[in-house]
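Inspection log for the structure reproduced underneath, given as structure tokens.
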Amino acid sequence: MERGYEFLKHTADAKFRAWGPTLEEAFEEAASAMLSLMWDVRILSRTRTVEKEFEGKDHHQLLLQFLEEILYLLDARDFLVVQAQVVEMGETKGRPWLRSRYSGMMKNDETVVHGEVKAVTYSEMDIHLDDAKAVVQVVVDL
């Protein structure tokens, strides 16, 4: 199965579905969908990386944290994420965790931001896993 994402109809916010052969790849595609709402990653460079680890009570919380970190890096550090990667994912004592890497650049006066994502929500969030694929669905506040 290939990776990808698509936008779904939603009244006020942005809703998307992302998929891949693994849960890690579905998370990465969800990040790509969210990034496409904010800036054109094709014209930005990857001059820096930030690594972060997350632990959650379930995969829903892990997905929310993984995506929210993109917003945190922009708001707190003026760091524009170009690519978000799940380096490793696992489970310890029944709690899922992941190590992630965010590649991107520092925001400058020439950076064009064409949209704002205010928050990632649990509203309509869904994660489906089977032997052949992983699919996640996310709604973000604009």
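Each value in this text was obtained by applying a stated rule to the coordinates, not by laboratory testing. Quick caveat, the model's predicted, so the values are computed rather than measured. Using ideal geometry, Cβ is built from the backbone for each residue, glycine included, and neighbour counts are taken over all protein chains shown.
Restricting to DSSP H runs of at least four residues, report the calculated mean residue ellipticity at 222 nm for the chain, -39500 (n - 2.57) per run over all residues, nearest 500 deg cm²/dmol.
Numbers: 2 runs with 35 residues, N = 142.
Helices in the chain give a 222 nm mean residue ellipticity of -8500 deg cm²/dmol.
Counting only Cα atoms, the chain measures 45, 34, 26 Å along its principal axes, largest extent leading. Compute the angle between helix 59-77 and the longest alpha-carbon principal axis of the chain, please, reported from 0 to 90 degrees and rounded to the nearest 10. The two axes meet at around 10 degrees.
Looking at the stretch 100-142, the pairs of alpha carbons with a distance over 14 Å make up 69% of the total.
Show me the trypsin sites (Lys or Arg not before Pro) within the stretch 22-109 that DSSP assigns to loop and that have at most 16 other Cβ atoms within 10 Å of their Cβ. Hits after loop and neighbour filter: Arg46, Lys57, Lys93, Lys107. Shown here for the stretch 85-133: GluC sites (Glu not before Pro) in loop regions (DSSP other than H, G, I, E, B) with at most 14 other Cβ atoms within 10 Å, namely Glu110, Glu116. Where does helix 23-38 land angle-wise versus the long Cα axis of the chain, in degrees 0 to 90, nearest 10? Taking the Cα atoms of the chain, the angle to 23-38 is about 30 degrees.
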